[in-house]
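Let me begin by presenting the structure, written as structure tokens, before commenting on it.
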Amino acid sequence: MSAHEMETTVKALTAPGKGILAADESTGTIEKRFKGVDAPCTEDTRREYREMLFTTPGLGEFISGVILFEETLGQKNAAGVPLPQLLAEQGIIPGIKVDKGTVALPGFPGEKVTQGLDGLAERLVEYKKSGARFAKWRAMLAIGAGIPSLQGIAANAEALARYAAICQEQGLVPIVEPEVLMDGDHAIETCARVTEEVLHTVFHALHRHRVVLEFMLLKPNMVLPGLACPRQATPEAVAEATLACLRRTVPAAVPGIHFLSGGQQDEIATANLNAMNTRLGNTPWQLSFSYARALQAPALKAWRGVAANKSAGQQALYKRARLNGAASRGQYTVIMEQN
Ligand code: 13P
């Protein structure tokens with residue numbers, strides 16, 4: 001393991017006022033997103049869209065790293081420049097999603113476990129040659145009647161910890177992403193209870209697998225009511241519940257916590273992050289964002305698969321990156337949405 005290498009990566013990724021852009025949708029997921037704006041989904045249109053995002057002028061002011069899907073890591077622009085290099089030219093670190101998605105957890109109806117550990121070390125060697133300096137693995141935990149079970153949580157935590165240890169052995173910084181999903185009508189208190197249990201279990205597994213906490217980042221969900229819950233929460237309530245949960249579970253040695261957006265509307269995801277950063281108190285970690293949908297939604301809508309909309313798409317992405325950058329400093333106000 002190369003500690004110096006990972007230290008440099010962590011430091012750059014947690015630079016104040018910056019966050020991470022998740023652009024690592026699998027082919028199936030990006031197809032769904034493209035369908036939403038009537039854009040055709042081909043290898044070319046995916047490259048065109050992501051090239052538009054990555055060449056947004058000034059993106060590096062607010063984005064420290066971008067998580068890529070494997071396909072993108074190998075793609076080049078018309079001039080033959082690899083897409084990861086376009087990011088590096090903006091001072092942005094390329095990362096890579098390395099999990100292979102989820103499968104049903106046998107014996108536990110409704111629960112899933114993330115796969116992709118076999119051959120991971122070998123894949124990382126190749127990803128590193130293509131410019132990746134950090135990685136991401138996402139575990140998905142749904143809330144429902146009797147789920148997630150303790151075994152469902154433990155199986156996912158074990159895989160996350162094994163992944164993180166393998167990344168560090170290869171000198172890549174692991175982003176550890178245990179996502180408690182928003183689907184359902186559960187109350188914020190239920191999400192708090194489940195998230196606390198999940199994070200406890202994940203950090204216990206990380207400890208057992210000798211993962212160096214200083215060289216990893218956590219990408220959790222915020223503590224939120226279910227999407228269909230009639231009692232929605234203010235940014236202040238979300239911030240209180242999320243910070244309480246993180247204080248109880250995340251060691252101070254972890255340098256940064258970069259939230260996923262998870263289906264929150266983009267302006268709400270920004271307001272919630274801001275509320276957390278205005279209430280930090282003596283919290284030891286950098287609190288920022290690693291959004292996919294909440295950063296990309298307006299850019300995708302502006303682009304719609306039309307090359308002539310490139311600049312409009314870039315402006316939309318730049319705006320969300322700028323506002324989330326402000327939120328990561330606790331300096332966002334709703335008025336800023338107007339310009
Ligand atoms: P969302 O911000 O759209 O939830 O995506 C984040 C992510 O990387 C999911 O793995």
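For the reader, a short list of remarks on this structure follows.
- Residue among Val211, Val194, Val173, Val254 that alone is over 22 Å from Gly146 (Cα atoms), in contact with a strand residue (DSSP E or B) (Cβ under 6 Å, 6 or more places away or on another chain) and more than 16 Å from the ligand (Cβ to nearest atom): Val254
- Taking (1) touching a helix residue (DSSP H, G or I) at 6+ places or on another chain (Cβ under 7 Å); (2) within 17 Å of Leu260 (Cα to Cα) in turn, Thr14 satisfies each apart from (1).
- Residue list for segment 272-300, restricted to those being assigned to a helix (DSSP H, G or I), within 15 Å of the ligand (Cβ to nearest atom) and touching a Gly at 6+ places or on another chain (Cβ under 6 Å): Ala299
- Enumeration of residues in segment 251-266 that are farther than 23 Å from Asp24 by Cβ and either in contact (Cβ under 8 Å) with a residue 40 or more places away in the chain or assigned to a helix (DSSP H, G or I) (or both): Pro251, Ala253
- Yes/no for Ala269 being in contact with a Leu (Cβ under 7 Å, 6 or more places away or on another chain), of a type outside the set (Lys, Arg) and within 15 Å of the ligand (Cβ to nearest atom): no
- Just one of the listed residues (Ala159, Ala139, Ala121, Ala187) is within 23 Å of Ser261 (Cα to Cα) and in contact with a helix residue (DSSP H, G or I) (Cβ under 6 Å, 6 or more places away or on another chain), and it is Ala139.
Residue-by-condition table, conditions (1) in contact (Cβ under 8 Å) with a residue 40 or more places away in the chain; (2) hydrophobic (A, V, I, L, M, F, W, C):
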site	(1), (2)
Thr9	yes, no
Lys35	no, no
Pro40	yes, no
Glu51	no, no
Gly60	no, no
Ala79	no, yes
Ala104	no, yes
Glu111	yes, no
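- The condition of being within 16 Å of the chain's Cα centre (by Cα) and either among the hydroxyl-bearing types (Ser, Thr, Tyr) or at pLDDT below 95 (or both) holds for only one of Thr242, Thr270, Thr278, that being Thr270.
- Scanning segment 1-30 for residues that are buried (at least 16 other Cβ atoms within 10 Å of the Cβ) and of a type in the set (D, E, K, R) returns Glu5, Lys18, Asp24, Glu25.
- Filter pass, Ile63 being more than 23 Å from Leu323 (Cβ to Cβ), under 18 Å from the mean Cα position of the chain (by Cα), of a type in the set (A, V, I, L, M, F, W, C) and within 16 Å of the ligand (Cβ to nearest atom): no
- Those residues of segment 244-256 which are surrounded by fewer than 19 Cβ atoms within 10 Å (Cβ to Cβ) and within 22 Å of Thr270 (Cβ to Cβ), in sequence order: Ala244
The values are calculated or read from the model by the stated rules, or taken from the named source; none is laboratory data. Just so it is clear, the model here is predicted, and its values are computed rather than measured. So basically every Cβ, Gly included, is an ideal-geometry build from the backbone, and we count neighbours across all protein chains shown.
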